[in-house]
Structure formats: structure tokens, C-alpha cells
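Undergrad: Dropping a structure here in C-alpha cells format, bear with me for questions.
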Amino acid sequence: MPLVSIITPSYNQSAYLEQTIQSVLGQQHVPLEYIVVDGGSTDGSLEIIQRYADRLAWWVSERDAGQADAINKGLGRASGEIVAWLNSDDLYLPEAVAQAVAALQNNPQAGLVFGDAITIDAEGRRLNRLSFGDWGLRELMGFRIICQPAVFMRRSTLEQAGLLDPSYHFLLDHHLWIRIASLTPVVHVPEVWAAARHHPGAKNVAQAAGFGEEAFRILAWMETQPALALRLAANRRRIEAGAHRLNARYLLDGGMPGPALRAYTRALVRSPRFALGHAHRMLYALVSLVGGKSLAHRFYRAKYASKESRKGGIQE
């Protein structure tokens, strides 16, 4: 059984950090190396880390240059054949790591595997399920977003693709997934591996506009990559629609329905069929503007709780 290295970057997330640590250390049936890289927290996180220090392969608490820098620091210490990172407000579900290892062993050509996930609120209550498909480079270039805590990579593939680019702060993971998918197949496993926490301090809520900005930056970057430029030219309108659709999604999550609708309009102009994959979100944005957030929230939860019950998940 190969060794798995898990890195948790942490900064002032003491409300959630211990649950994250326990979800990693509670993984069974797989040899595990756990590394925690804290950015110099001042909220009690250090005391939490010290309680588990004897079960960590390495940990540090010092100022860093941001999330990517912290993760890269941990990856530089990792010795596992399989690597992943789990942010300090997210959780692994039981047996997630063992299932990911099995998926990589069953798909020796794959450099990355990813599962499904659930979202939870600040108190840990389940919100919905994020179900993905058999997505590869084409879908990732079109800004189909997979759930980062449900992703596991071969270290050899990561070394070939390169570490995270520290200049990205929002789509740092997606930028890496595209680089990996341009080198090796990626494989989806329709099992729930992780819980992604949504709370007011999360980046997708507090700094929603940054995701769209980095999507367009990735779009410009793809034009400079020989392995991606031809694919981009052949599918430009759909890929551009994906960037606008992603921008709209995060603006909506950030409580900005007006700008979200404008971004959805730009996506519709470029690729109506692809943009309409978010028709439910467009309706949510419209209802938010017309009837207020409370009515929109009731509409969304009623409609998509029913959908989740029928189909086993909400498509991202």
C-alpha cells in the first residue's frame, strides 16, 4: 500500500481546524503522512496543532506568502507516492483516502483522481451534494470546477506538472488541474470523499469576484501554452462561456445577483447551450433581484432539495 501525504494549510481557522485534523487522522486502512503548515495564526490554532503534534510528520507555524506558498512548503516535505491537500475548514469523509488510493491503483495511467463531495455550513450541517462527471482536459479548460478536497494526485505527476503557482489565490487548484490533465488522464470516482465548508469567511463568499478575475487570467494563460492553444482556438466560444459562467456562479454565491446575471448574459451570447447548464442559478439570481434573497433561498432549496432526492446530487 503506497504512502499518502496530506497537507493542511492553516491560518486563523481555529473554529474548524481540529475537525479537519481529526478527519485526516481518522482515515483507516492506508499508511498516512500528515503535514500541517500554519501561517502564523493568532487565534488559538497553534494550541490545536500542538495537541496533535505527536501524530504529525511535520508542522510549522510561521508567516508565509499565502495559501499556495503554504501548500508548496508542505509538498516539499512530503514523501508519499500519493499527495493531496485539505484546507483547514474542510473535511475528509471516512474511508476517502483508502478509496482514492484504490482508484489510483486501478487506473495506473491516471495522474489524478477526484471524487464527489458534499457542502456543509459553519456548524457542519449538510447543505447539498456536489456530483461531477467523467471530466478531463476538455471540461477543465471549459471551467468545469471539481471540488479540491476530493482530489488526490500521484506525486510523480505533480513533479512533472510543477507545484502551485503562488500568484494565484482563488483558482490556484484549477490552474494545477489543467496542467496535470494536459499530461495524463484524470479519473472521476462517483463516491463522496469530502465535505467543503461554506461559511461567511470562506473565499467563495467573502472574495467572490476574485474567482472570475483569475478565470480570465487562466484563459489568457492557456493561449500561451502550446499544449492548450490549439484546443482553445477550436473551442474558444464554449471556453469563454465557461469563464463567464464561473464568474457568474461565484458572484451569485457572493450575494451579487445583478453582476451575476450580467455575467450569465455574456456566457449566453458565447454559448447558449453551455450557459444554460446553470439555468437554475440564473433563475435564482433573477428571483433574488425581484423577490429578495429570502424568497430566492426558499425557491432554490425547495427545487434542488427535490432534485437531489431524485438524482442523488446537485450538479455543479
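The values are calculated or read from the model by the stated rules, or taken from the named source; none is laboratory data. Keep in mind that what you see is a predicted model, and the values were worked out from it rather than measured. All Cβ positions, even for glycine, are placed from backbone atoms using ideal geometry, and neighbour counts span all protein chains on display.
Undergrad: Scan (1) in a loop (DSSP other than H, G, I, E, B); (2) under 19 Å from the mean Cα position of the chain (by Cα); (3) polar (S, T, N, Q) for the single condition Ser79 breaks and write down its number.
TA: Against the list (1) in a loop (DSSP other than H, G, I, E, B); (2) under 19 Å from the mean Cα position of the chain (by Cα); (3) polar (S, T, N, Q), Ser79 comes up short only on (2).
Undergrad: Turning to a different aspect of this structure: Working carefully through the options Leu164, Leu127, Leu158, find the one that is over 20 Å from Ala248 (Cα atoms), in the same structural domain as Ala65 (by TED's automatic domain parsing) and out of contact with any strand residue (DSSP E or B) (no Cβ under 7 Å at 6 or more places or on another chain).
TA: On the way: Leu127 fails: out of contact with any strand residue (DSSP E or B) (no Cβ under 7 Å at 6 or more places or on another chain); Leu158 fails: out of contact with any strand residue (DSSP E or B) (no Cβ under 7 Å at 6 or more places or on another chain).
Selected residue: Leu164, the only one of Leu164, Leu127, Leu158 that is over 20 Å from Ala248 (Cα atoms), in the same structural domain as Ala65 (by TED's automatic domain parsing) and out of contact with any strand residue (DSSP E or B) (no Cβ under 7 Å at 6 or more places or on another chain).
Undergrad: Among Val30, Val37, which is the only one that is aliphatic (A, V, I, L, M), crowded, with 17+ Cβ neighbours inside 10 Å and closer than 13 Å to Asn87 by Cβ?
TA: Val37
Undergrad: Moving to a separate point now. Of all residues in region 87-102, how many are in contact with a Pro (Cβ under 8 Å, 6 or more places away or on another chain), assigned to a loop (DSSP other than H, G, I, E, B) and not charged (D, E, K, R)? So that I can check it myself, show each step before the final result.
TA: Residues of region 87-102 that are in contact with a Pro (Cβ under 8 Å, 6 or more places away or on another chain), as a first pass: 87-88, 90-92, 101.
When the remaining residues are screened for being assigned to a loop (DSSP other than H, G, I, E, B), the result is 87-88, 90.
Now drop any that are not not charged (D, E, K, R), which leaves 87-88.
Residues that pass the stated criteria total 2.
The rows are residues; the columns are (1) in the same structural domain as Ser79 (by TED's automatic domain parsing); (2) surrounded by fewer than 20 Cβ atoms within 10 Å (Cβ to Cβ); (3) of a type in the set (Ser, Thr, Tyr); (4) in a loop (DSSP other than H, G, I, E, B).
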position: Asp134; (1), (2), (3), (4): yes, yes, no, yes
position: Leu140; (1), (2), (3), (4): yes, no, no, no
position: Phe143; (1), (2), (3), (4): yes, no, no, yes
position: Phe152; (1), (2), (3), (4): yes, no, no, no
position: His169; (1), (2), (3), (4): yes, yes, no, yes
